[in-house]
1. If you check Gly167 against the conditions, is it open to solvent by less than 50 Å² (accessible area, probe 1.4 Å), outside any strand (DSSP E or B) and in contact (Cβ under 8 Å) with a residue 40 or more places away in the chain?
2. Would you check if there is a residue in the stretch 81-88 being within 18 Å of Ala139 (Cα to Cα), in contact with a Phe, Trp or Tyr (Cβ under 7 Å, 6 or more places away or on another chain) and open to solvent by 30 Å² or more (accessible area, probe 1.4 Å)?
3. Being within 25 Å of the chain's Cα centre (by Cα) and under 17 Å from Gly169 (Cα atoms) is the requirement here; does Thr97 meet it?
4. Would you call Gly147 farther than 21 Å from Gly54 by Cβ and outside any strand (DSSP E or B)?
5. For the subset of the stretch 121-163 comprising residues that are without any contact (Cβ under 8 Å) to a residue 60 or more places away in the chain and out of contact with any strand residue (DSSP E or B) (no Cβ under 8 Å at 6 or more places or on another chain), which member is surrounded by the most Cβ atoms within 10 Å (Cβ to Cβ)?
Amino acid sequence: MRKALPVLTTIVALCFTGCASQDDGSTSPPDPPSMGSDDPPPPPPPPPPPVGAGLTGRWSGSFTTDNALASAGDFTFDFTEDATSHAVTGPFTGTVTAGATGTAFMGTFTGSRADMTLTGTVAITEPAGVTGTFGFDAATITGSNGGDMIAGNFDIDVMYSGIAVQGTGGYTIARMQ
């Protein structure tokens, strides 16, 4: 028994010494491993989900352009926003009220929402004999409940009965209740 006591004392002393040297008394978690230079950066966070149905619904308003054939008019969009991808699509109508008054355009809007910005293109399908697009630049979405007003600029690039019609303009549309 006398020989076992010094051995037991040595084992206990080594155990306390080893435990004490590895414990710094800190309660913080260990540092994460550093990323190597070959590791790709983390992906950006997804855009916030739309409030309610996002931009889904009818939007209507007015436009002005620098083209005398369509210097002013009205737009209506029936948007549908996909809650996952934030793609925005839907039918479009536009009626000229100054210039070639009464000319009505129809087409399909295809675009996307990123945060509080909308971009897209309308492929014109009517009237007969008209082809081309209206390109909608990044437009600001403002207001409550995920937005109730959109204002921005657009470009006209169509052929109307063989005549090139081009121009730039601005528009403001509001969510219809």
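1. Values: open to solvent by less than 50 Å² (accessible area, probe 1.4 Å): yes; outside any strand (DSSP E or B): no; in contact (Cβ under 8 Å) with a residue 40 or more places away in the chain: yes.
Spelling it out, it is not the case that Gly167 is open to solvent by less than 50 Å² (accessible area, probe 1.4 Å), outside any strand (DSSP E or B) and in contact (Cβ under 8 Å) with a residue 40 or more places away in the chain.
2. Checked against the condition, which is being within 18 Å of Ala139 (Cα to Cα), in contact with a Phe, Trp or Tyr (Cβ under 7 Å, 6 or more places away or on another chain) and open to solvent by 30 Å² or more (accessible area, probe 1.4 Å), the stretch 81-88 yields no hits at all.
3. In short, no.
4. Numbers: farther than 21 Å from Gly54 by Cβ: no; outside any strand (DSSP E or B): yes.
For Gly147, the condition - farther than 21 Å from Gly54 by Cβ and outside any strand (DSSP E or B) - is not met.
5. Filtering the stretch 121-163 for residues that are without any contact (Cβ under 8 Å) to a residue 60 or more places away in the chain and out of contact with any strand residue (DSSP E or B) (no Cβ under 8 Å at 6 or more places or on another chain), the one surrounded by the most Cβ atoms within 10 Å (Cβ to Cβ) comes out as Ile163.
The values are calculated or read from the model by the stated rules, or taken from the named source; none is laboratory data. This structure is a prediction, so every number in the text was calculated from the model and none was measured. Counting neighbours? That spans all protein chains shown, and the Cβs are built from the backbone with ideal geometry, glycine included. Accessible surface areas use protein heavy atoms only, side chains included; no ligands, DNA or RNA. Shrake-Rupley method; radii C 1.70, N 1.55, O 1.52, S 1.80 Å.
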